[in-house]
Amino acid sequence: MHSTLVRGQNVFGFFTTVAFCVAGIIAASVFLIPQAPSASLQLRNVQVVKGRPHYYSPKREEYAHIKFDLDADLTTLFNWNTKQVFLYITATYPSLRASEPASSAIIWDAIIPSSSAPWHTNHYIHPVAPSDKSATTKGKKNSSKSKKAAKKSAYPAGELHLKNQRPKYQITDYAGRIANRTDAVLELHYNVQPWVGLLLWDRRSDIAMWKGLEGGRSELFNFPGLKGAAAKKEDLKTEKGAEGHRLMAG
Amino acid sequence: MADELLENVRDALEGQIDFEGQRLAELLTTALLAISGIIAFLYGYIAQDIASTLYIGLGGAALTFLAVVPPWPLYNKHPIAWLPRQSGGTSGINIQVNGKKVN
């Protein structure tokens with residue numbers, strides 16, 4: 001500690017130690033905050049149509065278009081160390097051969113920011129429920145204000161009420177045929193991304209003060225047969241929340 | 001003239017402090033950083049706001065740098081009393097190292 005340089009090195013060295021220890025304590029502190037995520041996920045409608053992976057592709061594949069209802073209360077996942085929660089819904093269906101594992105594909109996902117996360121264009125903005133929509137259109141006089149309100153989620157972070165939600169992604173099997181496959185199930189999954197600490201996956205089992213995810217699994221369903229020209233294009237649209245980023249394909 | 005100026009600049013940059021000052025600087029480094037870390041965590045946990053933890057921690061570190069790194073006069077209060085200059089080398093004085101006489 002005799003000279004400026006040595007003192008500077010010493011202070012910085014001990015600062016890194018303190019920063020690491022505080023980060024470790026923060027990461028451990030979330031175990032003291034109880035969690036009880038719950039969700040209810042139901043299939044609304046499923047259609048299978050012919051399509052192609054992109055416009056110029058000569059390959060014709062079958063695509064399943066799955067609409068669903070989701071009511072979720074994941075608010076307890078948001079504590080002081082939560083940056084964002086990545087939420088996704090998979091459709092899982094068994095393989096045709098018993099020796100092969102089941103296939104799983106994501107039909108919808110969302111990045112739900114916590115209040116401490118800075119704004120980002122990819123953050124999910126919960127759409128306003130149809131019943132509330134009339135209330136916002138009434139106050140249309142102040143158009144700039146209603147526009148701003150439309151950019152905010154309709155519910156607090158972690159609460160979702162989606163009715164007849166369109167999928168974000170149409171799915172197909174690796175073989176390109178998904179019609180008439182049986183025993184599929186929709187499942188809600190999530191990753192909790194903290195500011196410091198471990199990335200946490202969804203669980204069904206309890207750990208100390210953390211309850212596992214309750215519900216969030218639909219009943220078994222079968223993919224229907226191919227729907228030809230009878231399928232309306234309007235019914236097969238994909239959709240995200242009201243966030244700024246748009247899908248480039250699909 | 002230029003040499004003298006350069007010497008002054010070197011002294012200012014080197015910022016030497018005395019032994020008592022070094023002990024105090026060491027203590028202050030440990031205490032200030034540890035306390036600011038504890039306060040940062042407690043405040044952030046109570047306010048449920050991780051950004052305040054970050055800023056209190058960084059502020060505490062900046063304060064510690066400011067308090068410890070420059071050679072403040074506080075750290076030079078106990079200058080070492082060297083022996084007076086001898087004209088005839090070490091001949092007149094008795095120097096002992098580990099109880100043995102050396103010259």
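With a cut-off of at most 14 other beta carbons within 10 Å, and DSSP calling the residue loop, which chymotrypsin sites (Phe, Trp or Tyr not before Pro) in chain B qualify? Please list them.
On the way: sites: B:F19, B:F41, B:Y43, B:Y45, B:Y55, B:F65, B:Y75, B:W82; in loops: B:W82.
Of the chymotrypsin sites (Phe, Trp or Tyr not before Pro), the ones in loops of chain B whose Cβ has at most 14 other Cβ atoms within 10 Å are B:W82.
Across the range A:32-49, coupling constants 3J(HN,Hα) worked out from phi with the 6.51/-1.76/1.60 Karplus curve, θ = phi - 60°, read 8, 9, x, 10, 8, x, 9, 7, 10, 10, 10, 6, 9, 6, 9, 10, 10, 10 Hz, and Gly and Pro carry x.
With a Förster radius of 45 Å applied to the C-beta separation of A:T76 and A:Y56, the computed FRET efficiency comes to 0.45. Across the range B:22-77, the fraction of Cα-Cα pairs farther apart than 15 Å, rounded to a whole number, is 50%. May I ask which of A:K152/A:K233; A:K163/A:K211; A:K152/A:K211; B:K77/B:K100; A:K50/A:K233 have a Cα-Cα span longer than 22 Å here? Among A:K152/A:K233; A:K163/A:K211; A:K152/A:K211; B:K77/B:K100; A:K50/A:K233, the Cα-Cα distance tops 22 Å for A:K152/A:K233; A:K163/A:K211; A:K152/A:K211; B:K77/B:K100. Only aspartates and glutamates eight or more places from A:K168 in sequence, or on another chain, were considered; those with a Cα closer than 14 Å are A:D69, A:D109, A:D235, A:E239, A:E243. In chain A, Cα pairs under 8 Å separated by at least six residues give a relative contact order of 29 percent.
Taking the square roots of 5 times each eigenvalue of the Cα gyration tensor of chain B, largest first, gives ellipsoid semi-axes of 45, 20, 8 Å.
Three semi-axes describe the equivalent ellipsoid of chain A; taken as square roots of 5 times the Cα gyration tensor eigenvalues and ordered largest first, they are 40, 25, 19 Å. A cut-off of 5 Å between modelled amide H atoms, ignoring neighbours fewer than 5 places along the same chain, links A:K83 with A:Q193, A:W195.
Heavy-atom accessible area per residue, the range A:33-245, 1.4 Å probe: how many Å²?
Values: 11990 Å² over 213 residues.
Ligands and nucleic acids excluded, the figure is 56 Å² per residue.
Note: relative contact order over chain B, using C-alpha pairs below 8 Å and six or more positions apart, is 32 percent.
Measure off, as a whole percent, the carbon and sulfur share of the 1.4 Å-probe accessible area of chain B, all protein chains present. Before the final figure, lay out the partial values.
On the way: 5110 of 7840 Å².
It is 65 percent, rounded to a whole number.
How many angstrom lie between the C-alpha centres of the range A:28-101 and the range B:1-70? The range A:28-101 and the range B:1-70 have Cα centres spaced 50 Å from each other.
The values are calculated or read from the model by the stated rules, or taken from the named source; none is laboratory data. Please read these numbers as outputs of a predicted model, since none were measured by experiment. Using ideal geometry, Cβ is built from the backbone for each residue, glycine included, and neighbour counts are taken over all protein chains shown. Calculation scope for accessible area: heavy atoms of the full protein, side chains included, ligands and nucleic acids excluded. Shrake-Rupley method; radii C 1.70, N 1.55, O 1.52, S 1.80 Å.
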